[in-house]
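> Handing you a structure now.
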Amino acid sequence: MEANNISEHVTHRHRDDVGAKLGMWLFLFTELLLFGGMFLAYAVYRMKYPQQFHISAMEMNTTMGTLNTIILLTSSLTMVLSIAAMQKRNKFLSIIFLLSTLFLGTLFLINKYFEWSHEISKGIYPGSEVLLSKQNGEILYFGLYYAMTGLHGLHVIIGMIVLVFMLVFVINDNIKWDDYVKLENAGLYWHLVDIIWIFLFPLFYLIQ
Amino acid sequence: MANGTAVIAGKSFYEEGTTKSKSGIASWIFSTDHKRIGLLYLISIVSFFIIGVIIAELIRLELIAPGETIVDAETYNRLFTLHGVIMIFLFIIPGIPAVFGNFFLPIQIGAKDVAFPRLNLLSWWLYMTGAVLAITSLFLPGGPADTGWTFYVPYSVRTGSNVIFALLAAFILGFSSILTGLNFVTTVHRLRIKGMSFFKMPLNIWALYATAWIQVIATPIIGITLLLIIIERTFGVGIFDPTLGGDPVLYQHLFWIYSHPAVYVMILPAMGVVSEIIATFSRRTVFGYKMVAFSSLTIAFVGYLVWAHHMFTAGLSETAAVVFSLLTFIVAIPSAIKVFNWVATMYKGSIDPRTPFKWVMVFIFLFSIGGLTGLVLGSLATDVHLHDTYFVVAHFHFVMFGGAGTIFFAAMHYWFPKMFGKMYNEKIADIGVYMFLISFLTLYFPMFLLGYNGQPRRYFDYLPQFQTLHVISTIGAWMMLITITLVVWNLIHALRKGEKAPDNPWGGVTLEWQTSSPPPLENFEEMPNVPNEPYDFSHLTGIKDGSK
């Protein structure tokens, strides 16, 4: 115990992987609650305007939504594989899987871009004349659609920035096979982004 | 004391830092040492408190006579909004956890630092960013927000003032609060010294732990709510806009789901400090230690379920109103457990009524009045009469300023010797306590009467029959200004000219009193002894009136 203390004192390094993950889970919890507020608003207005939500949901492109779901789920897989590769001391493979995750994330955003611009080209965006001429429930549906998928998209972007940092860390050997809690935490964040989409997808594309 | 003598040769954290630069401002604003961060918070928070006090003085001056006195109605709205935003988001929510929690949480559990020191520094930077945003809106065209600190829609969506700045500020401050919260939860779980089980932790740690959970669980809700208003103002998506089908009452629900638990973020850490001070100056273990510890968690849990008692007149269903009223009464129980156990702790104790203890006595008196009047507001029938009157203002200031604010001063006087290694003039400090009590009652008690007689809150004008009470209250505000000046001056004077403080001036038994004053960089030169029970005074029989 005593000897241990002295060596810690000299290096000033404090490492606690369990603590780091605990902190990350708490943070993910706050993220879930952040989105929780929006899901609550969605539930309230769906109850209030079931008919008009139905009409609006018919306009959604389910194929695009399904495609994006597949892309994000696959990116979660490559994320896990990257960590697994790191555990097996395979740095090269870990980098390859990180790059694939980043690639799939980009693909998701491109897809989202086309989807949004398709809606906008139809004149459906907050404050537009086409939207304002519709019924209240439809205005709210699209308002929530843009707000919720927009905030989710922002999280995808943040997640990708985090992953770029992880990529640099892996290349620099800052993340190694015996010290990869950063990579794990980044993975947890990426899965959160994924799981929120898993809930957004049925709410906006499948329930009609 | 055996532990005190061993560390004379050591350097304090003022002389040894974590940054490359050894002195100057950079060694502070980039330091990851929890003690330096605590002091950074102290300086910033006290500065904003003083700004908040000055604004409050202007508000009281305006109310000295009916009609326009010094400012017009529009400016008056901005003033009380700014007063609320500054006092709530910049002073009282971060107040005790960010200053004294940061400084003493690791020391009291025998740790070298918090679990995430860099995150801790980031949360101070976020705090400053939020604060700067809130202050910037003062100087922009359009002026600061005039919505009240509650930002109720639809007015907050329609007004031309810079609401977005205030909203963004509150959002960022919330983020800072979340980071502090998750840091503290992780620290308590992971960094307790060997031998300190949960039920050997000081009650201050229990209170900070419960607070940290509220910060983690409740703050994201205000985050998303404020974000939605920003989106609403910028894009007009209609979520809270009744003309587009949105529901303003939904906003109120979301707002209070955070903002009610937030009042427990303000008061719980204060309650933790009270337990410390009462035990130390009664030389006795806290009566019902476990119940006091659990009551912190109960407050955190039940406090999450009472939000709609702010909305009894907003068109709730009768069932909902009755349920929320009942829950409000239930949340009073753990608070009462604490108050009764504190009083029971003093019974047959060896009471040494030094300055911090006197502050705590003021707290118990004022907080009890504030708490009981809270029940008057929690009852449905009386709330209809008193809702949105000065009764609410009085109640709120009794629990928040009389409660959390008083304990901010108490904690300052209790831990001042440990933080700065200096003693203050206790006679002047005592005079400060007495003056505080008198000016507090002069300032706020008339507001109960005003509210009972029907004066609505947030009005800049009033009927002539209310003037006497308003004048008394304004005089109280001047007395309060003098008191705060005296108390703050006394402490600043002590910083410069105070006697050197011993390691354990009060005879406390929690771990912070086992290290030097001020503590070394990693808090302890040698590992502290963990006592068998949290407040064990049996071995301190030698110290009866402080080891001066």
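The values are calculated or read from the model by the stated rules, or taken from the named source; none is laboratory data. Predicted, not measured: the structure shown is a model, and the values here were computed from it. Every residue, glycine as well, gets a Cβ built from its backbone with ideal geometry; the counts of neighbours run over all protein chains shown. For accessibility, only protein heavy atoms count, side chains too; no ligands or nucleic acids. Shrake-Rupley method; radii C 1.70, N 1.55, O 1.52, S 1.80 Å.
> Look through A:L144, A:L151, A:L104 and report the one residue that is touching a residue at least 60 places away in the same chain (Cβ under 8 Å), in contact with a Leu (Cβ under 8 Å, 6 or more places away or on another chain) and assigned to a helix (DSSP H, G or I).
It is A:L151.
> Additional query: How do the pairs read when you match residues in segment A:64-79 that are closer than 10 Å to A:D194 by Cβ with residues anywhere that are of a type in the set (D, E), using Cβ under 7 Å and keeping only pairs 6 or more apart or on different chains?
Short answer, once both residue conditions are applied: A:L72/A:D194; A:L73/A:D194; A:S76/A:D194.
> Out of curiosity, is B:I135 facing chain A (nearest Cβ under 10 Å), in a helix (DSSP H, G or I), out of contact with any Asp or Glu (no Cβ under 7 Å at 6 or more places or on another chain) and open to solvent by 10 Å² or more (accessible area, probe 1.4 Å)?
So B:I135 does not fit the description; no.
> May I ask you to verify whether B:T313 is of a type outside the set (D, E, K, R), open to solvent by 20 Å² or more (accessible area, probe 1.4 Å), within 19 Å of B:G451 (Cα to Cα) and in contact (Cβ under 8 Å) with a residue 24 or more places away in the chain?
yes
> Can you tell me which residue within segment B:158-188, out of those that are within 23 Å of B:L126 (Cβ to Cβ) and open to solvent by 50 Å² or more (accessible area, probe 1.4 Å), is farthest from the other protein chains (Cβ to nearest Cβ)?
B:F165
> Go through segment A:19-38 and give me each residue that's more than 7 Å from chain B (Cβ to nearest Cβ) and open to solvent by 50 Å² or more (accessible area, probe 1.4 Å).
Once the filter is applied, which keeps residues that are more than 7 Å from chain B (Cβ to nearest Cβ) and open to solvent by 50 Å² or more (accessible area, probe 1.4 Å), segment A:19-38 yields A:K21, A:W25, A:L32.
> For segment B:62-69, does any single residue satisfy the condition of being open to solvent by less than 50 Å² (accessible area, probe 1.4 Å) and out of contact with any helix residue (DSSP H, G or I) (no Cβ under 7 Å at 6 or more places or on another chain)?
So far as segment B:62-69 goes, yes, one or more of its residues are open to solvent by less than 50 Å² (accessible area, probe 1.4 Å) and out of contact with any helix residue (DSSP H, G or I) (no Cβ under 7 Å at 6 or more places or on another chain).
> Any residue in segment B:199-208 that is open to solvent by less than 10 Å² (accessible area, probe 1.4 Å) and outside any helix (DSSP H, G or I)?
Yes, the conditions are met somewhere in segment B:199-208.
> Just to be sure I understand, how many residues within segment A:107-144 are of a type in the set (S, T, N, Q), more than 10 Å from chain B (Cβ to nearest Cβ) and open to solvent by 60 Å² or more (accessible area, probe 1.4 Å)?
Here the count works out to 2.
> Moving on to the next point. What residue, of B:I96, B:I86, B:I92, B:I55, is surrounded by fewer than 23 Cβ atoms within 10 Å (Cβ to Cβ), assigned to a helix (DSSP H, G or I), of a type outside the set (D, E) and in contact (Cβ under 8 Å) with a residue 24 or more places away in the chain?
When all the criteria are applied, what remains is B:I55.
> If you check B:A9, B:A73, which single one turns out to be under 29 Å from B:W506 (Cβ atoms), surrounded by fewer than 17 Cβ atoms within 10 Å (Cβ to Cβ) and modelled with pLDDT under 95?
Testing whether each residue is under 29 Å from B:W506 (Cβ atoms), surrounded by fewer than 17 Cβ atoms within 10 Å (Cβ to Cβ) and modelled with pLDDT under 95 leaves just B:A9.
> Can you name the residue in segment B:19-52 that is at pLDDT below 85 and either closer than 22 Å to B:I135 by Cα or out of contact with any helix residue (DSSP H, G or I) (no Cβ under 7 Å at 6 or more places or on another chain) (or both) and is also most open to solvent (accessible area, probe 1.4 Å) among such residues?
This residue is B:K20.
> Show the residue pairs that are 6+ apart or on different chains and have beta-carbon atoms under 6 Å apart, the first residue being within segment B:491-505 and over 9 Å from B:K422 (Cα atoms), the second being crowded, with 18+ Cβ neighbours inside 10 Å.
So the pair list comes out as B:L491/B:Y424; B:D503/B:S516; B:D503/B:S517; B:N504/B:W513; B:P505/B:P417.
> Only one of B:T234, B:T219 is within 12 Å of chain A (Cβ to nearest Cβ), in a helix (DSSP H, G or I), open to solvent by 30 Å² or more (accessible area, probe 1.4 Å) and touching a helix residue (DSSP H, G or I) at 6+ places or on another chain (Cβ under 8 Å); which? Full working, then the answer.
Numbers: B:T219 fails: open to solvent by 30 Å² or more (accessible area, probe 1.4 Å).
One residue alone meets the criteria, B:T234.
> With respect to B:L126, determine if the residue is assigned to a helix (DSSP H, G or I), open to solvent by 20 Å² or more (accessible area, probe 1.4 Å), in contact (Cβ under 8 Å) with a residue 12 or more places away in the chain and of a type in the set (A, V, I, L, M). Talk me through it step by step, then tell me what you get.
Values: assigned to a helix (DSSP H, G or I): yes; open to solvent by 20 Å² or more (accessible area, probe 1.4 Å): yes; in contact (Cβ under 8 Å) with a residue 12 or more places away in the chain: yes; of a type in the set (A, V, I, L, M): yes.
So B:L126 fits the description; yes.
> Turning to a different aspect of this structure: Considering only segment A:163-191, state which residues are outside any loop (DSSP other than H, G, I, E, B) and either on the phi > 0 side of the Ramachandran plot or touching an Asp or Glu at 6+ places or on another chain (Cβ under 6 Å) (or both). I'd like the intermediate steps shown before the answer.
So the first thing to find is which residues in segment A:163-191 are outside any loop (DSSP other than H, G, I, E, B), and the list is A:163-171, A:176, A:179, A:181-191.
The one that is outside any loop (DSSP other than H, G, I, E, B) and either on the phi > 0 side of the Ramachandran plot or touching an Asp or Glu at 6+ places or on another chain (Cβ under 6 Å) (or both): A:V181.
> For B:R118, state whether it is assigned to a helix (DSSP H, G or I), open to solvent by 10 Å² or more (accessible area, probe 1.4 Å) and within 14 Å of another protein chain (Cβ to nearest Cβ).
On the way: assigned to a helix (DSSP H, G or I): yes; open to solvent by 10 Å² or more (accessible area, probe 1.4 Å): yes; within 14 Å of another protein chain (Cβ to nearest Cβ): yes.
Answer is yes for this residue.
> Applying the selection to segment B:495-513, what residues are among the hydrophobic types (A, V, I, L, M, F, W, C) and either in a loop (DSSP other than H, G, I, E, B) or surrounded by fewer than 22 Cβ atoms within 10 Å (Cβ to Cβ) (or both)?
Once the filter is applied, which keeps residues that are among the hydrophobic types (A, V, I, L, M, F, W, C) and either in a loop (DSSP other than H, G, I, E, B) or surrounded by fewer than 22 Cβ atoms within 10 Å (Cβ to Cβ) (or both), segment B:495-513 yields B:L495, B:A501, B:W506, B:V509.
> Name the residues in segment A:147-190 that are within 13 Å of chain B (Cβ to nearest Cβ) and farther than 14 Å from A:G105 by Cα, would you?
Scanning segment A:147-190 gives A:A147, A:M148, A:T149, A:G150, A:L151, A:V181, A:K182, A:N185.
> What number of residues within segment B:369-393 satisfy the criterion of being part of a helix (DSSP H, G or I), open to solvent by less than 40 Å² (accessible area, probe 1.4 Å) and not β-branched (V, I, T)?
9
> Could I ask something else about it? Which of the residues belonging to segment B:138-173 are in contact (Cβ under 8 Å) with a residue 60 or more places away in the chain, under 19 Å from B:E232 (Cβ atoms) and in a helix (DSSP H, G or I)?
B:S156, B:V157, B:V163, B:I164, B:A166, B:L167, B:L168, B:A169, B:A170
> Out of all the residues in segment B:333-356, is one or more part of a helix (DSSP H, G or I), of a type in the set (S, T, Y), under 19 Å from the mean Cα position of the chain (by Cα) and farther than 22 Å from B:M435 by Cβ? So that I can check it myself, show each step before the final result.
First pass over segment B:333-356, keeping only residues part of a helix (DSSP H, G or I): B:333-346, B:355-356.
Then drop every residue that is not of a type in the set (S, T, Y), which leaves B:335, B:345, B:355.
With under 19 Å from the mean Cα position of the chain (by Cα) added as a condition, the list becomes B:335.
Imposing the further condition that a residue be farther than 22 Å from B:M435 by Cβ reduces the set to B:335.
Yes: one or more hits.
> Also, I was wondering about something else. Can B:S259 be described as surrounded by fewer than 24 Cβ atoms within 10 Å (Cβ to Cβ), of a type in the set (G, A, S), within 14 Å of chain A (Cβ to nearest Cβ) and touching a residue at least 40 places away in the same chain (Cβ under 8 Å)?
Details: surrounded by fewer than 24 Cβ atoms within 10 Å (Cβ to Cβ): yes; of a type in the set (G, A, S): yes; within 14 Å of chain A (Cβ to nearest Cβ): yes; touching a residue at least 40 places away in the same chain (Cβ under 8 Å): yes.
So B:S259 fits the description; yes.
> Please go through segment B:190-215 and give me each residue that is closer than 22 Å to B:F287 by Cα and of a type in the set (S, T, N, Q), ordered by number.
B:S197, B:N204, B:T211
Okay, residues lined up against (1) open to solvent by 30 Å² or more (accessible area, probe 1.4 Å); (2) of a type outside the set (F, W, Y); (3) under 30 Å from A:A147 (Cα atoms); (4) within 14 Å of chain A (Cβ to nearest Cβ):
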{"site": "B:Y251", "(1), (2), (3), (4)": "no, no, yes, yes"}
{"site": "B:G272", "(1), (2), (3), (4)": "no, yes, no, no"}
{"site": "B:S275", "(1), (2), (3), (4)": "no, yes, no, no"}
{"site": "B:I278", "(1), (2), (3), (4)": "no, yes, no, no"}
{"site": "B:M291", "(1), (2), (3), (4)": "yes, yes, no, no"}
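> Right, next: Tally up the residues in segment B:58-71 that are under 18 Å from B:I88 (Cβ atoms) and outside any helix (DSSP H, G or I), please.
So the count comes out to 0.
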